[in-house]
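Working notes, beginning with the structure itself.
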Amino acid sequence: MKIDLNELSYKDKIDIDESFSYNKDELSTSSIQKLDNVKAKGYIRLNAAEEYEINIDVNGSMELLDSVTLEPINYDFSFTINDNLADYLENNENLLDIKEFLWQNIVLEVPIRYTKSDADNLKGDHWKVINESEEKEIDPRLEKLNELFKGGE
């Protein structure tokens, strides 16, 4: 959705109250697996210095891969943008692609690592995390080696 900022020559502000979804092609450059129903509510106005200023609240839920188990999990986000739009305008035409603008800010909200796994019950195919206090099963192939170390004590 493109917003014509020339409307501010006869309006005090441009209100934004939109929901967006991003398709797989738009998500291909990030670790986000799914991003639907991103809600944006706020306004754009000219400030005292005659610069376009945006003030907008953004929230939604993105689907990421769990950092430990690689299972898809939902990560809720919410942030506020209060910024000058000079760097985001298209070819000095006073047009703002709000969906692209939001994307650039949503990407900044993606955590480097995120997991919902319970640290005590981490396990997967042929592996599990054990605590030092748990009794360790000795691989039968290494039993002789264990006896060798016990003999030296």
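The values are calculated or read from the model by the stated rules, or taken from the named source; none is laboratory data. All of these numbers come straight from a predicted model, not from anything done at the bench. Glycine also receives a Cβ, built like all others from the backbone with ideal geometry; neighbour counts cover every protein chain displayed.
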Check: From 14, 54, 3, which residue is surrounded by 15 or more Cβ atoms within 10 Å (Cβ to Cβ) and either in contact with a Gly (Cβ under 6 Å, 6 or more places away or on another chain) or in contact (Cβ under 8 Å) with a residue 60 or more places away in the chain (or both)?
Finding: 3
Checklist line | Inter-residue pairs, beta-carbon under 9 Å, first closer than 13 Å to residue 77 by Cα and in contact (Cβ under 8 Å) with a residue 40 or more places away in the chain and in region 27-40, second hydrophobic (A, V, I, L, M, F, W, C) and part of a loop (DSSP other than H, G, I, E, B), 6+ apart | finding: 32/110
Notebook entry, point to check: Does residue 109 fit the bill of being at pLDDT 90 or above and surrounded by 11 or more Cβ atoms within 10 Å (Cβ to Cβ)?
Noted result: yes
Checklist line | Residues of region 133-149 satisfying the condition of being assigned to a loop (DSSP other than H, G, I, E, B) and at pLDDT 70 or above | finding: 137, 138, 139
Note to self: If residue 94 satisfies all but one of (1) farther than 26 Å from residue 30 by Cα; (2) at pLDDT 75 or above; (3) surrounded by fewer than 13 Cβ atoms within 10 Å (Cβ to Cβ), what's the number of the condition it fails?
What the structure shows: (3)
Notebook entry, point to check: In region 72-100, which residues are in contact with a helix residue (DSSP H, G or I) (Cβ under 7 Å, 6 or more places away or on another chain) and either polar (S, T, N, Q) or free of Cβ contacts under 8 Å to residues at least 40 places away in the same chain (or both)?
Noted result: 77, 79, 81, 88, 94
Next item on the list: Answer yes or no as to whether residue 46 is surrounded by 14 or more Cβ atoms within 10 Å (Cβ to Cβ) and farther than 18 Å from residue 23 by Cα.
Entry: yes
Margin query: For the structure I just gave you, tell me whether residue 11 is over 12 Å from residue 102 (Cα atoms) and modelled with pLDDT of 90 or more.
Written below: yes
Check: Can you name the condition, by its number, that residue 49 falls short on among (1) small (Gly, Ala, Ser); (2) over 20 Å from the mean Cα position of the chain (by Cα); (3) closer than 20 Å to residue 107 by Cβ?
Finding: (3)
